[in-house]
Amino acid sequence: MNVLVIGNGGREHAILLSLKKSARVEKLYCMKGNAGTAQIAENVDVDYMNVEAVKAFALAHPEIDYYVVTPDDPLAIGLVDELEGLGKRCFGPRKNAAIIEASKAFSKKLMQKYNIPTAEAATFDNYGDALEYVRRKSAPIVLKADGLALGKGVLICEDIKQAEEGLKEIMLDKSFGNAGNVIVIEECMRGLKYNPGEEVSVLAFTDGKTIVPMITSCDHKRAGDNDKGLNTGGMGTFSPCPFWTADLEKEVLEKIMIPTMNAMNAEGRTFKGCLYFGLMRTDKGMKVVEYNSRFGDPETQVVLPMLKTDLLDIFEAVTDERLSDIKIEWESGACVCVVLASGGYPLAYAKGKEIKIGDVGDVTLIHAGTAVKDDKLVTNGGRVLDVVAKGKNIDEARAKAYKAVDSIDWDNIQFRKDIGIKYRQG
């Protein structure tokens, strides 16, 4: 089969690397891709947010058998619906199901309606009403722009003055554009120990009838060490989550995952694809922090390298609603991903810096924001490279990853030095 993956980043490169292992894959394509995807796939220079251009390409290339739509934006505008309308086979939710990520207000109301454990919250489309509500609450408090904001539309406010400023920033100054027209204001959930190890990401395959969780991972969202600095799309991950147990997985399946799948079915929005659950362990059990309608980035970079089952087989089983027929198996051990970013990320940063790579040893370099210019590998984004290492445990994988990081450099490189350190205790 010939398979096309839609997207430009590290997540897409990781998916392509996993698909490349399949004996059933003949040729891979990536739209638009990056310098890394170009090494294993044919990059297609088409803007995937231009639906008509994508459809024209699909009609002109009948040799492509299967499409994997991974970023949130094209899912939210219904690219899967459009491709399926042409008779193309796809992996990814349709528009009416992708709303579970595209609108935080929708997902919050869904959880409230179907009693899925989450933080208490209220939704507003009027700045004055939101301000009045915030002034009646106690801090800390969380502000979430309703729409898609590149993973950065969440503000955790430690006092009410900060919350008032955040409201103005989101709803009046439009720091996240139209994503902030509606805002969700919710209680700040605290983990059992109130440390970053209390959050866990669980991706799950679902065909709307069956839902199968993947191995767990933990993300590091803040730009700086010790979880300081601005929120980013993710500065590193590791797998598995140290505090995850069989009992926790049973609780999450029964109280969160299956009820979410059933709730989407009941709403006439059957979800088929990868459903991402951002969860927190609290003194009242596991609760949902957020949903994503696709593979997480950089969670995918530590989850898929541990997958033993053919990824294309899983994708097709989801498409054909026969996921229950597939046995999904994983490697033992651990995996760590350190994100190397452009200096200044997640704010302004320069592009076009030459990347120098030495001997990185036994690790996988996943490309996120890279390009080739004048025959040289250069930076072309905020998050540039993902250094991914496997080991028998997190410490071993972490040591291998950071040893490789020492062999990579460009002008004004930026990365966290503490990925995985705080998570040794369960």
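Using modelled backbone amide H atoms (1.01 Å from N, in-plane), which distant-in-sequence or interchain residues come within less than 5 Å of Glu42's amide H?
Leu28, Tyr29, Cys30
Can you give the extra length, in nm with one decimal, that the chain gains between Glu169 and Glu354 once fully stretched, where that is 0.36 nm per residue apart less the Cα-Cα distance?
Contour length minus the Cα-Cα distance gives 63.1 nm.
In nm, what is the difference between 0.36 nm times the number of residues separating Asp395 and Trp330 and their Cα-Cα distance?
Extra length available between Asp395 and Trp330 comes to 21.5 nm.
Taking H placed 1.01 Å from N in the peptide plane, check which residues at least 5 places from Asp219 or on another chain put their amide H under 5 Å from its amide H.
Ser201
Can you list the aspartates and glutamates whose alpha carbon is less than 18 Å from that of Lys308, not counting same-chain residues fewer than 8 positions off?
In chain and number order, the partners are Glu299, Glu316, Asp325, Glu329, Glu331.
Of the listed values (i) 21.9; (ii) 23.0; (iii) 28.5, identify the label whose number matches Kirkwood radius over Cα pairs in Å calculated from this model.
Correct label, based on the coordinates given: (i).
Using the beta-carbon distance between Asp283 and Asp73 and R0 = 45 Å, what value does 1/(1 + (r/R0)^6) give for FRET efficiency, to the nearest 0.05? Before the final figure, lay out the partial values.
Details: r = 37 Å, r/R0 = 0.81.
Using R0 = 45 Å, I get an efficiency of 0.80.
Of all beta bridges DSSP finds with both residues in the chain, what is the antiparallel percent, to the nearest 5?
Taking every DSSP beta bridge within the chain, about 80 percent pair in antiparallel fashion.
Accessible area, 1.4 Å probe, largest first: how do Thr260, Thr309 sort? Please list the in-between numbers first.
Details: Thr260 0, Thr309 25 Å².
Solvent-accessible surface, decreasing: Thr309, Thr260.
When Lys and Arg each count +1 and Asp and Glu each count -1, what net charge do the other residues less than 13 Å away from Gly208, Cβ to Cβ, add up to? Please report the intermediate quantities before stating the final value.
Values: positive: Arg94, Lys209, Arg269, Lys272, Arg322; negative: Asp207, Glu267, Asp320, Glu321.
The answer is +1.
Can you flag which of Lys250/Lys403; Lys174/Lys284; Lys32/Lys95 are past 26 Å Cα-Cα?
Details: Lys250/Lys403 37 Å; Lys174/Lys284 35 Å; Lys32/Lys95 21 Å.
Beyond 26 Å: Lys250/Lys403; Lys174/Lys284.
To the nearest 20 Debye, how big is the dipole of region 275-426 about its Cα centre, given +1 on the beta carbon of each Lys and Arg and -1 on that of each Asp and Glu?
680 debye
Over 5 Å intervals from 0, what percent of Cα-Cα pairs in region 1-95 sits in each interval?
3, 15, 28, 28, 19, 7, 0
Which one of Met171, Phe205, Gly153 is farthest out on the positive end of the charge dipole of region 97-238, using unit charges on Cβ (Lys, Arg +1; Asp, Glu -1) and the Cα centre as origin?
Looking along the dipole axis, the top candidate is Phe205.
Would you compute, from DSSP H runs of 4+ residues alone, the mean residue ellipticity of the chain at 222 nm, taking -39500 (n - 2.57) per run and dividing by the full residue count, rounded to the nearest 500? Walk me through the intermediate numbers first.
On the way: 13 runs with 110 residues, N = 426.
Estimated from H runs of four or more residues: -7000 deg cm²/dmol.
Tell me which residues come under 5 Å, amide H to amide H, from Leu385 once H is placed; ignore anything under 5 positions away on its chain.
Close amide H contacts, sequence-distant or interchain: Leu340, Ala368, Gly369.
Which listed residue (Met280, Pro305, Thr319) has the Cα farthest towards the positive end of the charge dipole for region 280-324, taking +1 on Lys and Arg C-beta and -1 on Asp and Glu C-beta about the Cα centre?
So the residue we want is Met280.
Out of Met49, Leu59, Phe91, whose Cα points farthest toward the positive end of the dipole of region 6-96 (charges: +1 Lys, Arg; -1 Asp, Glu; placed on Cβ)?
Phe91
As a test question: what accessible area, to the nearest 10 Å², does His61 have when a 1.4 Å probe is rolled over all protein chains in place?
Roll a 1.4 Å probe over it and His61 shows about 50 Å².
Can you compute the modelled spin-label distance between Asp227 and Asp411, with each label point 7 Å from Cα toward Cβ, in nm?
It is 3.6 nm.
Please compute one quarter of the surface area of the Cα convex hull for region 94-138 and express it in square nanometres.
Mean projected area for region 94-138: 4.0 nm², to one decimal.
Set the bar at 19 Å for Cα to Cα. Now go through Lys113/Lys287; Lys221/Lys417; Lys144/Lys168; Lys221/Lys400; Lys209/Lys255 and name every pair that lies beyond it.
Lys221/Lys400
Quick one: 3J(HN,Hα) in Hz for region 245-250, Karplus 6.51/-1.76/1.60 with θ = phi - 60°, rounded, Gly and Pro as x.
10, 4, 5, 5, 4, 4
Under the Karplus relation 6.51 cos²θ - 1.76 cosθ + 1.60, θ = phi - 60°, what is the ordered set of whole-Hz ³J(HN,Hα) values for region 276-289, x standing for Gly and Pro?
9, 10, x, 10, 10, 8, 10, 6, 10, x, 6, 10, 7, 8
Using θ = phi - 60° and the Karplus relation 6.51 cos²θ - 1.76 cosθ + 1.60, list the HN-Hα couplings for region 172-180 in order, rounded to whole Hz, with x at every Gly or Pro.
With the stated coefficients, region 172-180 comes to 9, 7, 6, 4, 10, x, 5, 4, x Hz.
If you place +1 on the Cβ of every Lys and Arg, -1 on the Cβ of every Asp and Glu, and leave all else neutral, what size is the dipole of region 207-270 about its Cα centre, to the nearest 20 Debye?
Charge dipole of region 207-270: 180 debye, to the nearest 20.
Mind listing the Cα extents of region 264-334 along all three principal axes, in Å, largest one first?
In descending order, the Cα extents are 38, 37, 21 Å.
The values are calculated or read from the model by the stated rules, or taken from the named source; none is laboratory data. Please read all numbers here as calculations on a predicted model, not as lab measurements. Because the Cβ atoms are built from the backbone with ideal geometry, glycine has one as well, and the counts that use them run over all protein chains shown. Side chains included, ligands, DNA and RNA excluded: accessible areas come from the protein's heavy atoms. Shrake-Rupley method; radii C 1.70, N 1.55, O 1.52, S 1.80 Å.
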